[in-house]
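The values are calculated or read from the model by the stated rules, or taken from the named source; none is laboratory data. Predicted, not measured: the structure shown is a model, and the values here were computed from it. Quick reminder, even Gly has a Cβ in these numbers, built from the backbone with ideal geometry, and neighbours come from all protein chains shown.
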Amino acid sequence: MSASEPLLLGIETSCDETGVGIVRGRTLLADTTASSVPEHVRYGGVVPEIASRAHVEALAPTVARALSDAKVSIGDLDGIAVTAGPGLAGCLVVGVAAAKAMALALGLPLYAVNHLAAHIAVDTLEHGPLPRDCLALLVSGGHTSLLRVGDLAAGDYQTLGTTLDDAAGEAFDKVARLLGLGFPGGPLIDACARTGDPSAIRFPRALRGAEYGYDVSFSGLKTAVARWVEVAQVTPATPLPVADIAASFQAAVVDVLVERTLRATREFGITDVILGGGVAANSRLRAVLTEQAGRRGVRVRAPRPALCTDNGAMVAALGSHLMSRGVPPTPLACGVDPSAGMSVPGDGRSAAPHRWHSV
Amino acid sequence: MRLLLCDTATPWTSVAVVDGGCAAGAAVVDGGCAAGAAVVDGPGTWHRRQFGATGHVEACAQLIREVLSDAAVPPGGLDAIVCGVGPGPFTGLRVGVVTAVMMGQSLGIPVLGLCSHDILAAGVLAGGHPRPDGLPPLCIVTDARRREVYWAEYSGWTRVAGPSIAPLTPATEITGPMDVRHAVSWLRHHAAATGQEWGPALLATWARDVTTGRAPQLGAPDSAGGSVPAGLLPPRPLYLRRPHVAEPGSAPGPAPAPAPGAAPEAEPGAAPSVPRHR
Ligand SMILES: [Zn+2]
């Protein structure tokens, strides 16, 4: 291998997607995903045990498919990277066991990485190295985090704010269910909102203002939508304005996220924002953030939607970055860290007794 | 013929390398029952194990690396992998199965599954002493949590019932907390025959001995070669339980209280679903 261009295979199993990606340096060679989403639809959310079982079944075939997509053989690999947290414990265990098995069998270094950092690193595949100091807004069904990123390889990134209750994508799921749109809610609300009026209903924007820091809360918004629907249904003379509700709800979520992000750019004098996570595929979030940031001279970069959702390529991308930078591999005896990024590094709550790239 | 064996269906993570020089090892692939080699000392056999109800993912690959080093066999020198496929608590069980499957794929060698209770039974049966007459069948029982047990019953080297799941009742003669919960009706017999005091202490000692490779000196194979207690299985977990979920709107079923001494585990309980990873 060339020292600066390692061939990395990345495994992602923190939730309901079994993702395997392969990169050479910053070149994406394969991004293969098997999803158990259809098995969760009837429950309106991810069932951990169903997801864990699906990962066991999917891993070996997904690895085989990724190798074939990338046109490389398993013996060509230079390293294995895997998400060790945050995520669902039972799901993380499957991916970490698989990655260790591969590293051990093939005699390769193992990189157990942070899922959030991987969401950030994936953007380097399309848009080159990260700016020295930037913000990352990561929004999905599982996480809603605003991070300040110095140097990923040095583990220099910190959470400025997170959700106090529901993740943004979770709020989308719940409102979609309320409106009878289906699951997962993000793309369905986005599509439905296109024909609605985002200013039709004024839903609340919680914790808005500098005194609340950068945390967000969506449970009040979700309740407000539910109450609005309830009231509307008391007088069923007119059909429920589903598109207006979806558009107004989406506008409230986007307002909150954009306000936090732009306030942080001002406070820290940062001119680059990276968007990631499944909700980063939301058309309104992309449009509003890019437009409002642009007016203040702040650049917004985001991977294409397929790389925003959970995938193996992002894990491989971070692994490749760490390996190129000479970061020591993770010991084979490492564990998983389901709440990584929720705890303060070094406070002893981390389940992983090893050096890894905790937020 | 060099085999790697691993099992994570109990609180123990146990791994072994069996060299072809050992007839028992070869017998595994021949369909023999020598999976007991995983828990029985012998020439051409190396094993390592670690106790920890929630520590399988930390232990498994590391132990395999160590046991391969003990045996001076590089991963590429293996010919096949055999893994215990349970039944057992799911999160731990998956570790051994996934490890075996992914090592096998990486090395391009076959991966086979064995019912984990067969492995434990073989460990008991391979004790090497003449078997007293008139013993009732052997029953291997392990902790399934939520006040239930996994069990399988053997007559000689043949599994005649199970593996299955049953409520934990006094009749299963489990007194906990113990490392690995086995109830063996013929152990009770043995205690009576040898004048030992039957009780939790004896059972606990015996259970630990089985899983640590110091198999109890209670019985022997019906014949030297031994017939097969069970066949080889595909390397997929034997769950024996559907994922415990309730659909939205339906009332979740009553959540059974955890068994005394049971380690907390991320099994789903009655929770219908959780948000995508927080
Ligand atoms: Zn994610």
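A quick yes/no check of all residues on (1) of a type outside the set (Lys, Arg); (2) closer than 21 Å to B:Val57 by Cα; (3) crowded, with 24+ Cβ neighbours inside 10 Å:
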site: A:Asp16; (1), (2), (3): yes, yes, yes
site: A:Arg24; (1), (2), (3): no, no, no
site: A:Arg42; (1), (2), (3): no, no, no
site: A:Ala58; (1), (2), (3): yes, yes, no
site: A:Lys71; (1), (2), (3): no, no, no
site: A:Ala81; (1), (2), (3): yes, yes, yes
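Can you work out which of the residues in region B:64-89 that are surrounded by 24 or more Cβ atoms within 10 Å (Cβ to Cβ) and hydrophobic (A, V, I, L, M, F, W, C) is modelled with the highest pLDDT? Before the answer, list the steps.
Narrowing region B:64-89 to residues surrounded by 24 or more Cβ atoms within 10 Å (Cβ to Cβ): B:64, B:81-89.
In the following step, the residues that additionally are hydrophobic (A, V, I, L, M, F, W, C) were identified as B:64, B:81-83, B:85.
Details: B:Ile64: 97, B:Ile81: 85, B:Val82: 82, B:Cys83: 87, B:Val85: 89.
Per the criteria, the residue is B:Ile64.
Please pick out the residue among A:Asp272, A:Asp255 that is among the acidic types (Asp, Glu), more than 16 Å from the ligand (Cβ to nearest atom) and in contact with a Leu (Cβ under 9 Å, 6 or more places away or on another chain).
Working: A:Asp255 fails: in contact with a Leu (Cβ under 9 Å, 6 or more places away or on another chain).
Being among the acidic types (Asp, Glu), more than 16 Å from the ligand (Cβ to nearest atom) and in contact with a Leu (Cβ under 9 Å, 6 or more places away or on another chain) holds for just one of A:Asp272, A:Asp255, which is A:Asp272.
Could you tell me which of the residues A:Ile274, A:Ile245 is under 29 Å from A:Ile120 (Cβ atoms) and modelled with pLDDT of 95 or more? Full working, then the answer.
Values: A:Ile245 fails: under 29 Å from A:Ile120 (Cβ atoms).
Criteria check complete, one pass: A:Ile274.
Please find, among A:Ala226, A:Ala200, A:Ala171, A:Ala252, the residue that is in a helix (DSSP H, G or I), farther than 19 Å from A:Leu137 by Cβ and small (Gly, Ala, Ser). I'd like the intermediate steps shown before the answer.
Details: A:Ala200 fails: in a helix (DSSP H, G or I); A:Ala171 fails: farther than 19 Å from A:Leu137 by Cβ; A:Ala252 fails: farther than 19 Å from A:Leu137 by Cβ.
Result of the check over A:Ala226, A:Ala200, A:Ala171, A:Ala252: A:Ala226.
Tell me which residues, restricted to region A:137-189, are more than 15 Å from A:Ala280 (Cα to Cα) and within 14 Å of the ligand (Cβ to nearest atom).
A:Thr162, A:Thr163
I'm trying to understand the selection: among the residues of region A:283-320, which are charged (D, E, K, R) and either part of a helix (DSSP H, G or I) or closer than 19 Å to A:Ile11 by Cα (or both)?
Once the filter is applied, which keeps residues that are charged (D, E, K, R) and either part of a helix (DSSP H, G or I) or closer than 19 Å to A:Ile11 by Cα (or both), region A:283-320 yields A:Arg284, A:Arg286, A:Glu291, A:Arg295, A:Asp310.
Has region A:36-44 got any residue that is within 16 Å of the ligand (Cβ to nearest atom), within 11 Å of chain B (Cβ to nearest Cβ), touching a Ser or Thr at 6+ places or on another chain (Cβ under 8 Å) and assigned to a helix (DSSP H, G or I)?
Yes, that holds for at least one residue.
Hey, among B:Val95, B:Val101, B:Val73, which residue is touching a residue at least 60 places away in the same chain (Cβ under 8 Å), over 15 Å from the mean Cα position of the chain (by Cα), within 24 Å of A:Leu108 (Cβ to Cβ) and facing chain A (nearest Cβ under 7 Å)?
On the way: B:Val95 fails: over 15 Å from the mean Cα position of the chain (by Cα); B:Val73 fails: facing chain A (nearest Cβ under 7 Å).
Step by step, each of B:Val95, B:Val101, B:Val73 is checked, and only B:Val101 is touching a residue at least 60 places away in the same chain (Cβ under 8 Å), over 15 Å from the mean Cα position of the chain (by Cα), within 24 Å of A:Leu108 (Cβ to Cβ) and facing chain A (nearest Cβ under 7 Å).
From (1) at pLDDT 95 or above; (2) assigned to a helix (DSSP H, G or I), pick out the condition that doesn't hold for A:Ala280.
Of the numbered conditions (1) at pLDDT 95 or above; (2) assigned to a helix (DSSP H, G or I), the odd one out for A:Ala280 is (1).
Considering only residues that are more than 9 Å from chain B (Cβ to nearest Cβ), within 13 Å of A:Glu17 (Cα to Cα) and not in a helix (DSSP H, G or I), which ones fall in region A:47-76?
Result: no residue meets the conditions.
Restricting the search to region A:320-339, which residues are within 16 Å of the ligand (Cβ to nearest atom) and crowded, with 24+ Cβ neighbours inside 10 Å? Steps first, please.
Step one: list which residues in region A:320-339 are within 16 Å of the ligand (Cβ to nearest atom), which gives A:336-339.
The answer is A:Val336, A:Asp337.
Out of all the residues in region A:162-185, is one or more over 29 Å from A:Ser248 (Cα atoms), away from chain B (no Cβ under 14 Å) and touching a residue at least 24 places away in the same chain (Cβ under 8 Å)?
Taking region A:162-185 first, the residues over 29 Å from A:Ser248 (Cα atoms) are none.
No, region A:162-185 contains no residue that is over 29 Å from A:Ser248 (Cα atoms), away from chain B (no Cβ under 14 Å) and touching a residue at least 24 places away in the same chain (Cβ under 8 Å).
Looking only at region A:121-136, which residues are away from the ligand (no atom under 11 Å from the Cβ) and surrounded by 24 or more Cβ atoms within 10 Å (Cβ to Cβ)?
Step one: of region A:121-136, the residues away from the ligand (no atom under 11 Å from the Cβ) are A:121, A:123-136.
Within region A:121-136, A:Ala121, A:Asp123, A:Leu135, A:Ala136 meet the criteria.
Out of region A:69-106, which residues are of a type in the set (Gly, Ala, Ser) and within 16 Å of the ligand (Cβ to nearest atom)?
A:Ala81, A:Ala84, A:Gly85, A:Gly87, A:Ala89, A:Gly95
Residues to consider are A:Thr27, A:Thr32, A:Thr13, A:Thr18; find the one that is within 16 Å of the ligand (Cβ to nearest atom), among the hydroxyl-bearing types (Ser, Thr, Tyr) and more than 11 Å from every other protein chain (Cβ to nearest Cβ). Walk me through how you get there before you give the answer.
Values: A:Thr27 fails: within 16 Å of the ligand (Cβ to nearest atom); A:Thr32 fails: within 16 Å of the ligand (Cβ to nearest atom); A:Thr13 fails: more than 11 Å from every other protein chain (Cβ to nearest Cβ).
After applying the criteria, what remains is A:Thr18.
Given the criteria part of a loop (DSSP other than H, G, I, E, B), of a type outside the set (Ser, Thr, Tyr), out of contact with any strand residue (DSSP E or B) (no Cβ under 7 Å at 6 or more places or on another chain) and within 22 Å of A:Val46 (Cβ to Cβ), does A:Leu240 qualify?
So A:Leu240 fails the test.
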